[in-house]
Amino acid sequence: MIKYIPNALTILRIILTPVFIIQAFYLQSTSALYWAWIVFVVAALTDWLDGMIARKHQVITDFGKMWDPLADKFIVLSALAALTWKAPYQLHQIIFFIILFREIAVTILREVYAKKQIILAADKWGKLKTVLQMVGIVVCLGLWAAGKTPVYVIVTAQFWFWLVALVTIMSGFNYLRIKLSDKR
């Protein structure tokens, strides 16, 4: 039974993404923002939980290898899109596109390597990027839902996500470095 839990949590995260999008983009109420925040927090917790269960019980599936990172990217990019294109934060669009480009590039690299039977595991930069993204998104969505977004919070969020973009670039270069060193 336990072997199905990580994949079920991944599927839940995929299902939660459109729920988040509807709450954050289409419903115009503070309760919708509150629910978007809850949906994101639940998705982030399922990401942590499915990884923990999969590692502890050595439950690795082809479905999980492919869909777990995609599910993470879908929910994170959806939340970043909300923070980028909706008031009050309106993060600089370059931040969003840096993160989007890195995620697409690393996904493609992982697929290329997977066909060669090489697994590109997340490194310290990738893990730091994920933690910074999750913390920033959870805090920003929570404050937004609570109606607590004074100018200093918005400025701090801008600074935070520029830092995330920098770590994202470093993480992407690290994957590129691995690919280049493989060709030698």
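Every number here is computed from the coordinates shown, using simple stated rules; none is lab data. From a predicted model like this one, the values you see are computed outputs, not experimental measurements. Cβ: placed from backbone, ideal geometry, glycine included. Neighbour counts: every protein chain shown.
As a proxy for reagent exposure, Asp68, Asp123 were ordered by neighbouring Cβ count within 10 angstrom, fewest first; the result is Asp123, Asp68.
Each Lys and Arg Cβ is given +1 and each Asp and Glu Cβ -1; about its Cα centre, the chain then shows a dipole of about 560 debye.
Looking at Thr168, Ile94, Ile11, which one has the Cα that reaches farthest to the positive end of the dipole of the chain (charges on Cβ: Lys, Arg +1; Asp, Glu -1)? It is Thr168, whose Cα lies furthest towards the positive end. With a simple spin-label model that places each label point 7 Å from the Cα along the Cα-to-Cβ direction, the separation between Thr149 and Gln58 comes to 4.7 nm. Applying both filters, DSSP loop and at most 16 other Cβ atoms within 10 Å, to the trypsin sites (Lys or Arg not before Pro) of segment 64-149 gives Lys86, Lys116, Lys148.
Taking only Cα atoms and a 10 Å spring cutoff, compute GNM fluctuations for the chain and point out the largest among Leu70, Leu120, Leu141. Per the Cα network of the chain with a 10 Å cutoff, Leu120 tops the list.
So, R0 is 35 Å and r is the distance between the beta-carbons of Ile2 and Ile104; what FRET efficiency does that work out to, to 0.05? Given R0 = 35 Å and the Cβ-Cβ separation, E is 0.60. Straight-line cross-link reach from Lys65 at under 28 Å between alpha-carbon atoms covers these lysines, not counting any fewer than eight positions away in the same chain: Lys3, Lys56, Lys73, Lys115, Lys116, Lys124, Lys127, Lys129, Lys179, Lys183. Among residues other than Phe96 with Cβ under 13 Å from its Cβ, the summed charge is +2 (Lys and Arg +1, Asp and Glu -1). Under a Gaussian network description of the chain, with springs only between Cα atoms under 10 Å, the residue in Ala71, Ala105, Ala145 that fluctuates furthest is Ala105. Contact order, relative form, for segment 52-175: 32 percent (alpha carbon pairs under 8 Å, 6 or more residues apart, mean separation divided by residue count). Roughly how tilted is helix 5-21, in degrees to the nearest 10 and between 0 and 90, from the longest Cα axis of the chain? In the chain, helix 5-21 runs at an angle near 40 degrees to the longest axis. Compared with the dominant Cα axis of the chain, that is its longest principal axis, helix 30-56 is turned about 20°. Relative to the longest principal axis of the Cα atoms of the chain, the long axis of helix 93-115 makes an angle of roughly 20 degrees. Each helix, a run of at least 4 DSSP H residues, gives -39500 (n - 2.57); summed and divided by the residues of the chain, these come to -28000 deg cm²/dmol at 222 nm. Three semi-axes describe the equivalent ellipsoid of the chain; taken as square roots of 5 times the Cα gyration tensor eigenvalues and ordered largest first, they are 29, 21, 12 Å. The modelled label-to-label distance between Asn174 and Phe159, using points 7 Å beyond Cα along the C-beta direction, is 2.4 nm.
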